[in-house]
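Participant: Below are the C-alpha cells for one structure; questions will follow.
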Amino acid sequence: MLFWIRKTIHITACFYVLIFGLLNTAPIYSAKLEQAGQTGFLVVAADRGTAGNEEIRKAFNAFSASHPAALVFVTDEHSRQILQSGLSRLNQHNIGRIVVLPLFISAAEPRYQLIHKLISEENQTIPVTFTKPYGESDFAIEALATRLRSIKRTAHQPLLVIGYGAQQDTDRRAMYSDWMRIIKQATQGIHFRSINSLILLEEKTEEAPEIRKDKTKRQLSGALASFDPANRNGKKQVVVFALGPKHDDTTSLETRLKQLLPANAKLNSFEPESGYLTKWMLQIANDHPPQATELSLNQCQSHTSTQ
C-alpha cells in the first residue's frame, strides 16, 4: 500500500514539474516557432524608369506593411547586386522560405527568365517557391477587361493589344501566345470585330532614336493593316497592356505610341492600378501562409529534463 502511495506522489510531482517547465519555456518556443515559420516574399519586376517604378513601389508598400518582403527591379546582369541586397533584407526576418512574386505579364519575358536564373544562383540555402506571373492571375485579366468594357461600339471595331519586353524575335513569338491567351479571356462577353496583339522589342540604347521610331511605326502600321485590308481607313482600337518604360509622363510607352499611330487608330490609355497589384500580392500571401512546426510531447519532456 505504502509503495503505491509513494508511486502516486512521484507521478504527481513529475506531472507538475512537466507543466511548470512547459509554462516557463512556452514563450521561448513560441518565439522560435514564429521565426522559423516566417515566409519572406520577394517581388521582382522589370525596371520601368523613375515614374513606372514608383507605381509598382506604391503597390508594394501597401503589401509590405503587413508582410516581410523585398522588391527587386530587374535590368541586366547588374541586377545581381540588387538581388543580393533584397535577399539580405529578407534574411533579417529569420525567414524559413522565400516566395517569389513575378510582376510580369509573361514567363517568356527575358527579364523574368534572367531574374529566375539569378535567384537560383544567389540563394542556395533557403527553399524558394516561384509563383505564376501576374499576367496569369485573375487580377490581370480583370484589369484588362475593365479597360476594354469602357470602349464604345466594340462590335464594329478591331482591337490591337500592345505588349512590350521582348529582346529578340523568339521572345516575341513566345510572349505573343501568352498575350493572346490573356486577351481572349479578358474579351469574353465583349465583342470586337477581330482581335490581335503586337509585342514590341525593348529599346536599345545604342540604337538611334529616329531608327527606333521608324521601326516601331512600321510594326504598328503592319499590325493594324492586317485586320481588314479592304478597309484600311476604318476605326481601330489600340490598348497597351504592358508594364512598359515610364521615366515620366512625357516619356512613357503610351505617349510615344500616340505619336506614331495613324489617325484612324485610337489609343486607350492603360495604367496598372496599384490596387490590382496589391490585391494580387495579398492573394499570393494568403495562398502561402506561415509554416508552423508542431512540438511533440517528447520534445517538451526532453527540454524539461534539462532544466
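All of the numbers you see were taken from the coordinates with simple rules; none came from a lab. None of the values given here were measured: they were computed from a predicted structure. Ideal geometry is used to build each Cβ from the backbone, glycine not excepted, and the neighbour counts take in all protein chains shown.
Participant: Mind checking the full-extension length gain between Ile126 and Asp228? Use 0.36 nm per residue of separation minus the Cα-Cα distance, one decimal, nm.
Facilitator: 31.4 nm
Participant: Quickly work out the Ser150-to-Glu273 label distance, labels modelled 7 Å from Cα along the C-beta direction, and quote it in nm with one decimal.
Facilitator: Rounded to a tenth, the inter-label distance reads 0.9 nm.
Participant: Still on this structure, I have one more. Over the range 131-229, consider all pairs of different Cα atoms and compute the Kirkwood hydrodynamic radius from their mean reciprocal separation; express it in Å, one decimal.
Facilitator: With all distinct Cα pairs of the range 131-229 included, I get 14.8 Å.
Participant: So, in Å, what gap is there between the alpha-carbon centers of the range 99-126 and the range 145-170?
Facilitator: Spelled out, the Cα-based centre of one part sits 27 Å from the other.
Participant: Moving on. Can you give the Rg to Rh ratio of the range 45-88, both from alpha-carbon atoms, with Rh computed by the Kirkwood formula?
Facilitator: When Rh is taken as the Kirkwood radius, the ratio is 0.98.
Participant: Provide, as a two-decimal number, the C-alpha radius of gyration of the range 166-288 over 2.2 N^0.38 Å, N being how many residues it has.
Facilitator: With N residues counted in the range 166-288, Rg over 2.2 N^0.38 Å equals 1.19.
Participant: If you add up the charges near Gln167, with Lys and Arg at +1 and Asp and Glu at -1, over every other residue whose beta carbon is less than 10 angstrom from its beta carbon, what do you get?
Facilitator: -1
Participant: Let me ask something additional. For the range 188-222, run through the GluC sites (Glu not before Pro) and keep only the ones in DSSP coil with at most 11 other Cβ atoms within 10 Å of their Cβ.
Facilitator: When the GluC sites (Glu not before Pro) of the range 188-222 are filtered for loop state and at most 11 Cβ neighbours within 10 Å, Glu206 remain.
Participant: So, in the range 132-277, how many Lys pairs have Cα atoms under 17 Å apart, if the pair is 8 or more places apart or on different chains?
Facilitator: Close lysine pairs found across the range 132-277: 19.
Participant: Output the peptides 258-264, 191-197, 113-119 sorted from most to least packed, where packing is the average of other Cβ atoms within 10 Å over each peptide's residues.
Facilitator: 113-119, 191-197, 258-264
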